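Just below is one structure, and these are the notes that go with it.
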Amino acid sequence: MKIPFQKYLLLPYGFLILFLSIFASSVAAQEKRFVVVIDAGHGGHDPGAMGKISREKDINLGVAKELAKLMDDNKELKVVLTRKTDKYLTLQERADIANENHADLFICIHTNSSKSPLAYGAETYTLGLAKTNANLEVAMRENSVILLEENYQTKYQGFDPTSVDSYIMFEFMQDKYLDKSIEFASLVQQHLDRNGRLDRGVRQAGFWVLHRSACPSTLIELGFISNPEEEFFLSSEYGQKKMAQAIYTAFLEFKKEHDKRNGKPNSTSVSNQASSKKSENVGSEAQNNYSTAVKQTEIKDTLTANITNQEKQTENISPSTQQPVFKLQILASKKKLSSQANELKGLRSVDYYIENELYKYTVGAETDYNKIVQLKNDLSAKFPQAFIVAFVNGKKVDVKEALRLTGK
C-alpha cells in the first residue's frame, strides 16, 4: 500500500498548530491588562455619613478620583470608576460594574462615623461574618442604602440590612477570593498607618457589595468623619491625596505578588516611579495649603487651651493662700498627643506639662487631696502606673510639700 507523502507532514504540522495556539494564549494572558474597579461609596441623594464641614460621599469621591489618577498612568492597568460625579448607584449596580468589567480587584472607598467624636483611625473590611458588634454596626450602616430603593426585599433576595438575622447568611459563605482580599486589605492598613492614620486593623463583615463582586474585594473606611481632626484632614485636598497615595502604594505591592504568582515579569513598580513623583509634586501645593490651615487651627486650639488652663487655675488656686492643686499623672510622651489620641480616649479634664523634654499628661485638678486619691483608685485598672503630682500657682512642687501647705 502506497502512503501519500503529504500524510507524513500531518503529525508535525498538528504539533506546530498546537504549539502556536498555546503560545498565543500565553502571550494574550500576559498582555491582558489588570482591571481595577474603584467604587466611591454613596452619592446623589445618599450623602452617607455627615460631618460638621463635609459629607462622606464627597470625601469618598475625592479619594477615589485621586487614586484613579495615579493608576491611569500605568499602561498595564485598566481603571474603572463606578461613579465620576455626584451620582446615586445601588449596591447591586456597583457590584455589576465590577463583574461586567471582569475586575481583578474591587476597591470600595468609604468614610466611617461614630457616636463618639473621639473615635478615629482607618480600618479595612473583607467579606465575612461580623464577629463583633462594632463590625456589624458598620456593615448595617453601609448596607442601609438598600432601604432607599423601591422593592428592595425582592431585589436583594429578602436580605434586610437592619436585621441581625439576615447577616447569618455570611457565616456559611465560602469566598474563594478571601485570601487575596485579606492580602490587599493588610497592605492597605500598613500603608495608611505609615501615612499617619491609626491602624484599626483588617476586619470581616457582611457587606452586600463585596458579596456580589466576583473578584478579590475590600472596603476601606478611611477614617471618622465624626472626629473633627480626621474630618478636617479627610475633607482637605492634601488629605485625600495622601490617602490615595497610601492605597496606591499598597496596590503596587499587591500587583507585584500577583504578577509573580502568574509568572509575569513585573514592571508596575518601575513604571510608576514617575507617577509617584508626579503625585508628590502635585500634592506639594495642597500640602502647603493644608499645613497653613493646620497651623492656624493649632494656634487657635493652643490659645483656647491656654485660656482654659488659666480658667482652671483661677478656679482652683487662691493666690493669697497659694493653695496646691493635685493632679493624676497618667503617661509621658516624647511628642505631643492629639486631643483625640487613643490613650486619652474617654478621659475628662486632660492637661499636660513639659518636663525634661517630655509631654507629661494629667487628669483631674483637685484642691482636695482625698478626691485625687479617689480618682487614682478609679483609674487604676487602665493606668496602674499613674501617680499624684502637685502644683502651686502653676509650678510643680513636691507632693509632701503641697500636703504640708494644706495642713495635712
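The values are calculated or read from the model by the stated rules, or taken from the named source; none is laboratory data. All values derive from a computational prediction rather than experimental measurement. Cβ placement follows ideal geometry from the backbone for every residue including glycine, while neighbour counts extend to all protein chains displayed.
Residues satisfying the criterion are present in region 133-140 (criterion: under 18 Å from the mean Cα position of the chain (by Cα) and surrounded by 22 or more Cβ atoms within 10 Å (Cβ to Cβ)).
Only one of the listed residues (39, 46) is modelled with pLDDT of 95 or more and of a type in the set (Asp, Glu). That residue is 39.
Which members of region 372-393 meet the condition of being within 11 Å of residue 327 (Cα to Cα) and either hydrophobic (A, V, I, L, M, F, W, C) or exposed (fewer than 12 other Cβ atoms within 10 Å of the Cβ) (or both)? Walk me through how you get there before you give the answer.
If we filter region 372-393 for residues that are within 11 Å of residue 327 (Cα to Cα), which is where we start, we get 372-373, 375-376, 386-391.
Of everything in region 372-393, those that are within 11 Å of residue 327 (Cα to Cα) and either hydrophobic (A, V, I, L, M, F, W, C) or exposed (fewer than 12 other Cβ atoms within 10 Å of the Cβ) (or both) turn out to be 372, 373, 375, 386, 387, 388, 389, 390, 391.
Residues that are part of a helix (DSSP H, G or I) and of a type in the set (Val, Ile, Thr) were ranked within region 218-265; the one that is nearest to residue 202 (Cα to Cα) is 247. Screening the candidates 365, 381 for the property of being in a loop (DSSP other than H, G, I, E, B) and not aromatic (Phe, Trp, Tyr) yields one hit, 381.
What are the residues in region 384-408 that are farther than 21 Å from residue 344 by Cβ and either outside any loop (DSSP other than H, G, I, E, B) or of a type in the set (Phe, Trp, Tyr) (or both), if any? Scanning region 384-408 gives 390, 392, 395, 397, 399, 400, 401, 402, 403, 404, 405.
Counting residues that are in contact with a Leu (Cβ under 7 Å, 6 or more places away or on another chain), which helices (runs of 4 or more DSSP H) fully inside region 36-146 reach at least 3?
Details: elements: 56-72, 91-100, 133-143.
Because the criterion is at least 3 residues that are in contact with a Leu (Cβ under 7 Å, 6 or more places away or on another chain), the helices (runs of 4 or more DSSP H) in region 36-146 that meet it are 56-72.
Looking at residue 81, is it under 19 Å from the mean Cα position of the chain (by Cα) and modelled with pLDDT of 95 or more? Walk me through how you get there before you give the answer.
Working: under 19 Å from the mean Cα position of the chain (by Cα): no; modelled with pLDDT of 95 or more: yes.
Answer is no for this residue.
Go through region 234-244 and count every residue that is within 11 Å of residue 70 (Cα to Cα) and either among the aliphatic types (A, V, I, L, M) or under 13 Å from the mean Cα position of the chain (by Cα) (or both). Before you say what the answer is, go through the steps one by one.
Pass one, region 234-244, residues within 11 Å of residue 70 (Cα to Cα): 241, 244.
From what's left, either among the aliphatic types (A, V, I, L, M) or under 13 Å from the mean Cα position of the chain (by Cα) (or both): 244.
Total satisfying the criteria: 1.
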